[in-house]
Amino acid sequence: MGHALMENRNGLVVDARLTRADGHAERIAALAMIEPHGDRPQRITLAADKGYDAEDFVNELRSMNVVPHVAAKATGSAIDGRTTRHAGYTASLRVRKRIEEAFGWAKAAAGFARTKHRGLARVGWQFTLAMAAYNLVRLPKLLAMPA
């Protein structure tokens, strides 16, 4: 299972990991990827889809000084009004879909629709290389943008 951490401002992949699919791999990988960035003096946000709306995950993010901008489930959500009332929450949910562009590019252009390797280590380096290549493809577009 491939996991990517993207920064929202420019849409660049900051971290990429590959794990075995076991039902909790997504949340564990997200916590591992955000942990090095959570010790900053100012709060940072983490946007994610409804699959991450679990009370233990949200509480763990808050303990790391990370604001969970997780899409709230219709019933039984761990996300409450102190998060959803801010305009940044809505913006994060809109921008978080940009990560799908990286996965789509990896499948279409980087040959990840059908991997050529077997094993976690070999597919892992291929996935990391694909995400790095996506960043390189995106850079000329970012450099051409006015500030």
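The values are calculated or read from the model by the stated rules, or taken from the named source; none is laboratory data. Quick caveat, the model's predicted, so the values are computed rather than measured. Every residue, glycine among them, receives a Cβ derived from its backbone with ideal geometry; neighbour counts consider all protein chains shown. The area values use the complete protein model at the heavy-atom level, side chains included, leaving out ligands, DNA and RNA. Shrake-Rupley method; radii C 1.70, N 1.55, O 1.52, S 1.80 Å.
Values for this structure:
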{"read-out": "Set 46, 93, 142: member being over 19 Å from the mean Cα position of the chain (by Cα) and open to solvent by less than 40 Å² (accessible area, probe 1.4 Å)", "value": "142"}
{"read-out": "Matching residues in the stretch 1-13 - criterion: being closer than 22 Å to residue 136 by Cα and open to solvent by 50 Å² or more (accessible area, probe 1.4 Å)", "value": "7, 8, 9, 10"}
{"read-out": "Candidate set from the stretch 14-31 (those that are buried (at least 19 other Cβ atoms within 10 Å of the Cβ) and among the small types (Gly, Ala, Ser)); member that is nearest to the chain's Cα centre (by Cα)", "value": "30"}
{"read-out": "Considering residues of the stretch 65-90 that are open to solvent by 30 Å² or more (accessible area, probe 1.4 Å) and within 19 Å of residue 24 (Cα to Cα) only, the residue modelled with the highest pLDDT", "value": "77"}
